[in-house]
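*Asks:* Sharing a structure, written as structure tokens. Questions coming.
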Amino acid sequence: MSTNFKELGLIEPILLALFEEGYTTPTPIQAQSIPIILEGKDLLGCAQTGTGKTAAFTLPIIQLLLQHKPVERRKKIRTLIVTPTRELAIQIAENFEAYGRHTPLNCTVIFGGVGQGPQVTALRNGVDVVIATPGRLLDLMNQGHLSLRDVEYFVLDEADRMLDMGFYGDIMKIIQFIPNKPQIILFSATMPPKIRTLAEKILIDPVQVNIDLAKPKENINQQAYMVYDSQKNALLIDILKDYKDETVII
Ligand code: AMP
């Protein structure tokens, strides 16, 4: 599929930012996801880091925020993006700021492990988009520093990692604080049964997008071994014995 960002329905201020970023062609996950999100549908996306998944949800959300309602001077939190780690939250915020630089939208990050003062000040000044890790988000909500009553777009990024980190309960709590069903976008690198169960609980009629795993180059021989985690190291050592005099990347 060869298409460009304009054909996906994106508007001028976003196209200009993409041009400035040097992006010419949407990645497969972007080509699939952007039109679906612009249509207002819930989306269940299976994509790893490095596929361009951040822009796949950030770009259409910027557009929906601009088109759905006028951006008010007194800002309300209209988009909530929840991620497992502060590093990912910061990365998403950097993307958001780059792609939204020709719009009046703003965002802030919220994560634990640092003082809450600057985060509370940023919230008090008003933001359109909050990018947060679950624990500190709930903490600030419980203290009355932010409300999710105006959230229209809700993203769960790296959902499988969040469940692995034990955030299931926090995620369900956060959703209960959003009074009107938001448009929900759930991205996960893997689709184990617990992600499907979560998706069934919170998404309404979602469209599912997967990117085809890259086909190996013809001269590369791939093998897969089904083993338990506890067996991985021993298996790896055993396999490496066959490559003793060669260079190996793990
Ligand atoms: P992500 O998978 O969202 O972590 O993105 C991986 C990297 O690809 C990031 O550094 C993005 O800035 C970059 N990127 C995302 N979409 C595109 C695109 N369409 N063209 C070129 N680079 C991109």
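*Asks:* Which condition from (1) touching a residue at least 60 places away in the same chain (Cβ under 8 Å); (2) open to solvent by 60 Å² or more (accessible area, probe 1.4 Å); (3) part of a loop (DSSP other than H, G, I, E, B) is the one that Gln208 breaks?
*Replies:* Unmet condition: (3).
For (1) open to solvent by less than 50 Å² (accessible area, probe 1.4 Å); (2) of a type in the set (Asp, Glu); (3) at pLDDT below 95, each residue gets a yes or a no:
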{"residue": "Ile34", "(1), (2), (3)": "yes, no, no"}
{"residue": "Lys41", "(1), (2), (3)": "no, no, no"}
{"residue": "Ala47", "(1), (2), (3)": "yes, no, yes"}
{"residue": "Gly50", "(1), (2), (3)": "no, no, yes"}
{"residue": "Gln67", "(1), (2), (3)": "no, no, yes"}
{"residue": "Lys75", "(1), (2), (3)": "yes, no, yes"}
{"residue": "Thr83", "(1), (2), (3)": "yes, no, no"}
{"residue": "Leu88", "(1), (2), (3)": "yes, no, no"}
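*Asks:* Confirm whether Arg161 is out of contact with any strand residue (DSSP E or B) (no Cβ under 9 Å at 6 or more places or on another chain), surrounded by fewer than 19 Cβ atoms within 10 Å (Cβ to Cβ), touching a residue at least 12 places away in the same chain (Cβ under 8 Å) and not polar (S, T, N, Q).
*Replies:* Values: out of contact with any strand residue (DSSP E or B) (no Cβ under 9 Å at 6 or more places or on another chain): no; surrounded by fewer than 19 Cβ atoms within 10 Å (Cβ to Cβ): yes; touching a residue at least 12 places away in the same chain (Cβ under 8 Å): yes; not polar (S, T, N, Q): yes.
For Arg161, the condition - out of contact with any strand residue (DSSP E or B) (no Cβ under 9 Å at 6 or more places or on another chain), surrounded by fewer than 19 Cβ atoms within 10 Å (Cβ to Cβ), touching a residue at least 12 places away in the same chain (Cβ under 8 Å) and not polar (S, T, N, Q) - is not met.
*Asks:* With the requirement that a residue be assigned to a loop (DSSP other than H, G, I, E, B) and surrounded by 14 or more Cβ atoms within 10 Å (Cβ to Cβ), what does the range 135-147 give you?
*Replies:* His145, Leu146, Ser147
*Asks:* Here are some residues: Met226, Met191, Met172. Which one is assigned to a loop (DSSP other than H, G, I, E, B) and surrounded by 10 or more Cβ atoms within 10 Å (Cβ to Cβ)?
*Replies:* Numbers: Met226 fails: surrounded by 10 or more Cβ atoms within 10 Å (Cβ to Cβ); Met172 fails: assigned to a loop (DSSP other than H, G, I, E, B).
Selected residue: Met191, the only one of Met226, Met191, Met172 that is assigned to a loop (DSSP other than H, G, I, E, B) and surrounded by 10 or more Cβ atoms within 10 Å (Cβ to Cβ).
*Asks:* If you don't mind, there's one more thing I want to ask. Answer yes or no as to whether Glu12 is more than 12 Å from the ligand (Cβ to nearest atom) and either at negative phi or open to solvent by 40 Å² or more (accessible area, probe 1.4 Å) (or both).
*Replies:* On the way: more than 12 Å from the ligand (Cβ to nearest atom): yes; either at negative phi or open to solvent by 40 Å² or more (accessible area, probe 1.4 Å) (or both): yes.
Taking the combined requirement at face value, the residue satisfies it.
*Asks:* Out of the residues in the range 19-43 meeting the condition of being more than 25 Å from Ser188 (Cβ to Cβ) and of a type outside the set (Asp, Glu), tell me which one is farthest from the ligand (Cβ to nearest atom).
*Replies:* Only one residue fits best here, namely Phe19.
*Asks:* Being open to solvent by less than 50 Å² (accessible area, probe 1.4 Å) and away from the ligand (no atom under 16 Å from the Cβ) is true for just one of Ala132, Ala56, Ala98. Which residue is that?
*Replies:* Values: Ala56 fails: away from the ligand (no atom under 16 Å from the Cβ); Ala98 fails: away from the ligand (no atom under 16 Å from the Cβ).
Being open to solvent by less than 50 Å² (accessible area, probe 1.4 Å) and away from the ligand (no atom under 16 Å from the Cβ) holds for just one of Ala132, Ala56, Ala98, which is Ala132.
The values are calculated or read from the model by the stated rules, or taken from the named source; none is laboratory data. Every value quoted in this text rests on a predicted model; they were computed, and no experiment measured them. Please note: Cβ atoms are built from the backbone with ideal geometry, for glycine as well, and neighbour counts cover all protein chains shown. Surface accessibility is based on the protein's heavy atoms, side chains included, excluding ligands, DNA and RNA. Shrake-Rupley method; radii C 1.70, N 1.55, O 1.52, S 1.80 Å.
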